[in-house]
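Read-outs: derived from the displayed coordinates by stated rules, not from any lab. Treat the numbers as computed from the prediction; the structure is a model and nothing was measured. In this analysis, Cβ positions are derived from the backbone assuming ideal geometry, glycine residues included, and neighbour counts consider all displayed protein chains.
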Amino acid sequence: MEHKELTAFPKSFLWGSASAAYQIEGAYREGGKGLSVWDKFVRIPGKTYEGTNGDVAVDHYHRYQEDVDLMAEAGLKAYRFSIAWTRIFPNGKGEPNEAGLKFYDDLINDLIAHKIEPVVTIYHWDLPQALQDEYGGWESREIIPDFLNYAKTLFDRYGDRVRYWVTLNEQNIFMQHGYLMASHPPAVKDPKRMYAANHIGNLVNATVIKYFHEHGYQGQIGPSFAYSPAYPADAAPINQLAADNAEQFNSYYWMDMYVFGHYPDLIRKWQTEQGLAPEITEADDALLKDPLSHPDFMGLNYYQTNTVAANPLDGVGMAAENTSGKKGTSKESGVPGLFKMAKNDYLQKTDWDWNIDPIGLRIALRRINSRYQLPVLITENGLGAFDTLEADHEIHDDYRIHFLREHVKAIHEAISDGVDVIGYTTWSFTDLLSWLNGYRKRYGFVYVNRDEESEKDLARYPKDSFYWYKQVIASNGEDL
Ligand code: BG6
C-alpha cells in the first residue's frame with residue numbers, strides 16, 4: 001500500500017525508551033530487596049556470557065536521577081521500566097517493603113516532574129526465588145494470588161500517577177527459554193511442563209487485567225508480546241503452510257489467548273497428539289474468555305521477522321540462539337513437523353544473527369490490527385551492537401540511527417495504513433545488561449562506561465543516536 005501523503009503521528013504519541021529492573025538497577029541486596037531467580041541463575045557456571053550478572057548492572061538504583069535528567073534532555077515523552085517484585089515483596093508475599101515501594105515512588109515522581117509518562121512493566125522475568133523454592137514458581141497455581149497481591153499493591157500505590165501498565169513481558173520468551181531451552185531460570189527442558197506453566201501465566205495475566213478493570217483504576221493495561229512475524233521461504237505451498245504453522249505456534253498461541261481467551265485449534269490438536277496439552281478447567285475457560293480479562297492494548301516487542309520452510313517429522317529441533325556476537329554462527333533450528341528457520345537473502349543480519357527488517361514491523365502492526373483490532377504500544381525495538389567509545393567520549397552509532405530511522409518510517413507507514421499505534425519505547429535508553437550476552441551487546445542512546453571485566457566508572461555518555469532521537473521527538477516524527 002503506497003500513500004500519497006503519510007498521516008501525521010498523533011500529537012499524544014508516546015515517544016520513549018525502555019528498560020527492565022534486573023538489567024539496569026544493580027543494588028541487588030540493597031533497600032531490603034530479596035533474591036530473584038535471576039540473582040541465583042547467573043551464578044550457575046556457563047549460563048551467562050562470561051558469567052556476567054546484574055549485581056551492579058548500570059547502577060540505575062543509585063543514579064536514576066541522572067538517568068531521568070538525560071531522558072528529559074532527550075525530550076522523552078514516556079519511559080517504560082519494570083518493577084522488581086523482590087523490592088516490593090522480598091519473599092514474593094507477606095508484608096510489603098517500604099524502601100522498595102519508595103524507590104519506585106521517587107522514580108515515578110521524578111519522571112512526572114519532567115513530564116515523562118511512566119509505563120510500568122509489572123513483571124520482567126525476575127521472579128522471587130522464594131516462590132520458586134516454595135512451590136515451583138510458574139508451575140503452581142499458587143502463584144496466581146501472590147502475583148495478584150503484588151500487582152494490586154502496585155496499582156494502589158502508583159495508580160494515581162501511572163496510566164500505562166504492562167502485565168507480563170514476553171511470556172512467550174521467558175516460558176520457552178525457561179522450560180524448553182533451559183537458557184533462562186529455572187533451566188528446564190520439558191515441553192509439557194512449559195505448556196503447563198505457560199497456561200498458568202495466562203491465568204495470571206487474565207486475573208490481573210480483570211482485577212484492574214473491575215476496580216476502576218485509571219489508564220490502560222496489556223501484555224508485551226515478542227512478535228516475530230513469519231514469512232514463507234518462497235511461494236511453494238508447503239512453505240506457505242510452514243509459515244502459517246509458525247505464526248500459529250509462535251505467536252497466535254499467545255496473542256489469541258490474550259485477546260480471545262482461547263488457544264488456536266491447530267495447536268491444541270498438535271499438543272494433544274504429542275501429549276503436551278495443558279489442562280484447562282471450566283473456571284479457567286470462563287476467566288480467559290471474560291472480556292474484562294482482555295487487554296486494552298497489545299504491547300509489541302519487535303526485533304525481527306522469521307523466514308521459515310517446511311520441516312519433516314524427523315527434522316531439526318530447537319537450537320540455542322547465537323550469543324557469540326559472531327555473525328553467521330547460528331545453528332539450524334525448528335519444530336519437527338511444523339517449520340524450520342530458513343535464510344532470507346533480502347535481509348541483513350546483526351552480529352548476533354537477528355534479521356534486520358523494518359518493513360517487518362509494519363507487517364507486525366498490520367497483522368495485530370487486523371486480527372485483534374486493538375491499539376498497539378510498541379514496547380521494545382532496537383539494535384544490539386558493539387559500540388566504540390572514542391577518546392572524546394563520543395559514540396558514532398550511525399548504524400543504530402539508520403536502524404531506528406527505518407523502523408520509525410515503518411511505524412509512520414503503518415499509522416498511514418490505519419493502525420492505531422499509541423507509542424514507541426525503544427530498547428533501550430541507557431546501555432544495560434543483556435541477559436545472555438553480557439554488556440557488550442549495547443542497545444542504548446546513552447553509553448554506560450562499563451564492560452564484562454570491570455565496572456569502571458559507570459559514566460553516562462550520550463551517543464549520536466541520542467541527539468538524533470531528540471530531534472525526532474521534537475518534530476513528532478517528521479525530522480528523521
Ligand atoms: C527482549 C527483552 O527479549 O529483548 C529484553 O524483553 C532484552 O529484556 C531484549 O534485553 C534484547 O535481547 P538481548 O538478548 O539482545 O539482550
For D451: the one exception among (1) surrounded by 24 or more Cβ atoms within 10 Å (Cβ to Cβ); (2) more than 24 Å from F174 (Cβ to Cβ): (1)
Residue in the stretch 56-63 that is in contact (Cβ under 8 Å) with a residue 40 or more places away in the chain, assigned to a helix (DSSP H, G or I) and not aromatic (F, W, Y) present: yes
Any hit, the stretch 234-243, residues being away from the ligand (no atom under 16 Å from the Cβ) and under 13 Å from A206 (Cα atoms): no
Meets criteria (over 21 Å from F155 (Cα atoms) and either in a strand (DSSP E or B) or touching a residue at least 40 places away in the same chain (Cβ under 8 Å) (or both)) for E73: yes
Test: residue in the stretch 438-448 that is surrounded by fewer than 18 Cβ atoms within 10 Å (Cβ to Cβ) and of a type outside the set (G, A, S): no
Members of the stretch 169-205 that are assigned to a loop (DSSP other than H, G, I, E, B) and either under 28 Å from T425 (Cβ atoms) or touching a residue at least 12 places away in the same chain (Cβ under 8 Å) (or both): E170, L180, M181, S183, H184, P185, P186, A187
Every pair of residues 6+ apart whose Cβ atoms lie under 6 Å, when the first sits in the stretch 448-462 and is farther than 15 Å from T52 by Cα and in contact (Cβ under 8 Å) with a residue 24 or more places away in the chain while the second is in a loop (DSSP other than H, G, I, E, B) and acidic (D, E): V448/D431; N449/D457; L458/D59
Filter result (outside any loop (DSSP other than H, G, I, E, B), free of Cβ contacts under 8 Å to residues at least 60 places away in the same chain and within 16 Å of the ligand (Cβ to nearest atom)) within the stretch 343-377: K349, N355, I356, L361
Residue list for the stretch 145-189, filter: among the acidic types (D, E) and either more than 11 Å from the ligand (Cβ to nearest atom) or touching a Pro at 6+ places or on another chain (Cβ under 8 Å) (or both): D146, D156, D160
